[in-house]
Amino acid sequence: MIYTIPYLILLLLLFYLSLYYEQTEDNSTRSKVSYGCLLLILIFFGFRGFIFDDWQIYYTLFQECSFENVWYNVYTYKNARWTCEPGFTLLMATCKSLFDNYYFFNFICTVIVTALLFNFFRQQKFNNFPFAVILYLCFGGIIMSTNLMRNTIAIMIFINAIKYIEERKPMPYFLLCLLAISFHLSALMYLPVYFFLHRRINKWVFVGIFFVGNFIFLTHTSIFLNVMSLFISVDSGRLADMLKDYTSGTMDVASGISIGYLERLFTSFLVFCYYDKLVEVRKNNAIFINSFIVYFVLTFYFSEFKEASLRMSYLFIFAYWILWRDLIECFSVENNRKLFVGLLFVYCMLKMVGHTDVITSQYDNVLFGAKSYEERLYIHNRYGEQE
């Protein structure tokens, strides 16, 4: 529990700022609160040390990267054992050429992510930025702001392109998608959604998707392997063996009743009940409802691939940030709104504990003294695997 204390303090500060924002009607004061929140996020995440897990890979990549031979670095990280997309590699090489320090690169990535996040909330007229950040952090953001550096920049670029879906402007939309793809190839999934994400579907179609997804998830039905078995026999050699190895043992881990499952169940229930009201609250909410449906499908229909399902579903987790805010507006009684916000904040605190109550999340900040790479690597290798 001790590892989660800094993160809970951050949430409490954000909650205080969000309440202060709501209680004042002065636009100048509200602007100061928003920029104060922005500064808090930049200090907390921009100057973070080696926390969570993926810093091991990114630190190695940064040390090997060179601006003089950037295209070589895109395709051949011999020691890192994986490739890096050109946009991210170019950003890394540029930062290294300016200041050869991993913490500087980490800070620049945080500035980019935070600026894009701030602009997205501004576009969606989510004025209470501290409350928006609470929803962001507790619904995917704490992992996105620490582990998924490439994915997160790609996601942030895309959510700033959402307005072009609504405005039906394909040229800027696809250009931004290509930029997102240059940071992470998973952003390829954003290309086809331009053609349907804005369309309002019948909410009973959502119910059908919901029940089929729950059946697949709870019964551990393997969709992909059953389809592939129609084309690949059990005696097809290495390809069949690879498919079995990739999917074996994952369904039991990914599926079943859990807090995360109940959260998605409850969110689906609320979205269905307030479907029409949500569309009234925000004229482009069909985009975010459909994004939640895509998130649901990626989580439930492809649960046989635990890691892939988790990573891909993060591409559309932004729907939570908008829908949970708009669900508050769906309550006509003020006391019900306050009760909902209170319960939501308690749940966010519990989620934060669940995400950070591990030794690898032990918070470090370079402004106040952080453990070295070697120290954190020892802790991660010695104790992290036991959790």
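Worth pointing out:
- Taking every protein chain into account, the accessible area of the chain amounts to 48 square angstrom per residue (probe 1.4 Å).
- Simple spin-label estimate for Tyr383 and Ile359 in nanometres, 7 Å along Cα-Cβ: 0.4 nm
- Listed pairs Lys283/Lys338; Lys125/Lys283; Lys277/Lys338 exceeding 21 Å between Cα atoms: Lys283/Lys338
- With at most 14 other Cβ atoms within 10 Å, longest stretch of the chain clear of loop chymotrypsin sites (Phe, Trp or Tyr not before Pro) (DSSP): 232-367
- For segment 106-122, the residues whose backbone nitrogen is under 18 Å from a point 7 Å from the Cα of Ser97, taken along Cα to Cβ, are 106, 108-109.
- Counting only lysines at least 8 places from Lys306 when in the same chain, those with an alpha carbon closer than 24 Å to its own are Lys244, Lys351.
- Solvent-accessible surface (1.4 angstrom probe) belonging to Leu218, in square angstrom, nearest 10: 80 Å²
- Apportionment of accessible area to carbon and sulfur, the chain, percent (1.4 Å): 64 percent
- Sites matching trypsin sites (Lys or Arg not before Pro) across segment 170-223 that sit in DSSP coil, with at most 13 neighbouring C-beta atoms within 10 Å: Arg199, Arg200
The values are calculated or read from the model by the stated rules, or taken from the named source; none is laboratory data. Computed from a predicted structure; not experimentally measured. Please note: Cβ atoms are built from the backbone with ideal geometry, for glycine as well, and neighbour counts cover all protein chains shown. Surface accessibility is based on the protein's heavy atoms, side chains included, excluding ligands, DNA and RNA. Shrake-Rupley method; radii C 1.70, N 1.55, O 1.52, S 1.80 Å.
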